[in-house]
Amino acid sequence: MSVRVPLLSRPANPPVPFVGRAAEDKRLKDVIARGPIAVVCGFSGVGKSALVAHALATHFADARERTVVVDGGADDVIGSALTALRKRGAEIE
């Protein structure tokens, strides 16, 4: 299966500077390295998006164009991601 990820579904640019989240950054890096899906959840405004953007830019820069960011608390994360991509014009084969 190949997917063209629309720009709106790609991760944001990382914040500069990014400080005080070394433990969370390492944990996310390890989770992403183990498998193709990582879920980051928490209260609004605590820096989830910034953490993801930083981890991707720092540790997985070559994978950013193939990364999909989905907002929301869906029970079916993969189904929700595919639906969001299709709504944004992704070509999924």
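Quick notes
- Residue match in the stretch 42-58 (condition: on the phi > 0 side of the Ramachandran plot, out of contact with any Asp or Glu (no Cβ under 8 Å at 6 or more places or on another chain), modelled with pLDDT of 80 or more and surrounded by 16 or more Cβ atoms within 10 Å (Cβ to Cβ)): yes
- Residues in the stretch 9-28 that are of a type in the set (A, V, I, L, M, F, W, C), modelled with pLDDT under 90 and within 12 Å of the chain's Cα centre (by Cα): 1 in all.
The values are calculated or read from the model by the stated rules, or taken from the named source; none is laboratory data. None of these values were measured; they are calculated from a predicted model. Quick reminder, even Gly has a Cβ in these numbers, built from the backbone with ideal geometry, and neighbours come from all protein chains shown.
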